[in-house]
Each structure stands twice: as structure tokens, then as C-alpha cells.
Amino acid sequence: MYALYCSSKWAVEGLSKCVAKELPEELAIVSLDPGAVYTDMLALCLGDHHMASQFPSPQQWASKAATTVLGITTSDNGASLTIN
């Protein structure tokens with residue numbers, strides 16, 4: 001299951017890099033990498049809800065991501081941005 005999850009994340013990064021090469025100069029595409037976020041899946045993988053709860057919630061991550069997205073420029077085109 002972990003391999004499928006990771007490969008789907010990698011596919012998003014690969015697609016973003018390919019699309020970046022095809023976009024007009026005034027547009028940009030980036031992939032946002034969340035790092036570890038507190039979810040039931042993370043708790044299951046760690047085997048410990050308390051340990052998993054030390055990571056940001058999806059809502060906390062989204063707030064940080066929104067700030068990052070607002071600062072994206074065309075020079076970021078094709079980048080993979082880690083938000084943690």
C-alpha cells in the first residue's frame with residue numbers, strides 16, 4: 001500500500017514538471033508536497049495516534065499552503081514545493 005501511495009505522489013510531481021515545459025511563459029504550475037500531516041493513515045502507519053497528532057492537521061497545513069500559493073511566481077514553474 002505504501003508503494004502505491006508514494007508512486008501516486010511522484011506521478012503528480014512528474015506531471016507538473018512535464019506541464020511546466022508546455023505552459024506559456026506567463027503561467028506556472030507547481031506541485032505542493034505536504035510532508036507529514038496528521039491523518040488516520042499516518043496514525044495507522046505509525047501505529048500511534050498520539051505520535052501522529054504531533055504533526056499538523058490538514059486544516060493547519062492548508063493555511064500554510066494558502067500563504068505559499070499566494071507567493072508563487074512564474075520563476076517557480078515546475079517546482080515541487082514542500083510545505084511543513
Could you grab me the full set of residues in region 60-84 that are surrounded by 12 or more Cβ atoms within 10 Å (Cβ to Cβ), of a type in the set (A, V, I, L, M, F, W, C) and assigned to a helix (DSSP H, G or I)?
-> W61, A62, A65, V69
Any chance you could count how many residues in region 13-23 are exposed (fewer than 13 other Cβ atoms within 10 Å of the Cβ) and either among the hydrophobic types (A, V, I, L, M, F, W, C) or in contact with a helix residue (DSSP H, G or I) (Cβ under 9 Å, 6 or more places away or on another chain) (or both)?
-> 2
Failed condition for E25, given (1) charged (D, E, K, R); (2) assigned to a helix (DSSP H, G or I); (3) over 14 Å from the mean Cα position of the chain (by Cα), with all others met?
-> (2)
Residue satisfying all of: in region 14-37; modelled with pLDDT of 95 or more and small (G, A, S); nearest to T68 (Cα to Cα) among these | S31
Looking only at region 38-64, which residues are small (G, A, S) and either modelled with pLDDT under 90 or closer than 21 Å to Y5 by Cα (or both)?
-> A43, G47, A52, S53, S57, A62
Failed criterion for C6 (all others in (1) surrounded by 14 or more Cβ atoms within 10 Å (Cβ to Cβ); (2) without any contact (Cβ under 8 Å) to a residue 12 or more places away in the chain; (3) of a type in the set (A, V, I, L, M, F, W, C) hold) | (1)
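The values are calculated or read from the model by the stated rules, or taken from the named source; none is laboratory data. These figures come from a predicted structure and were not determined experimentally. Because the Cβ atoms are built from the backbone with ideal geometry, glycine has one as well, and the counts that use them run over all protein chains shown.
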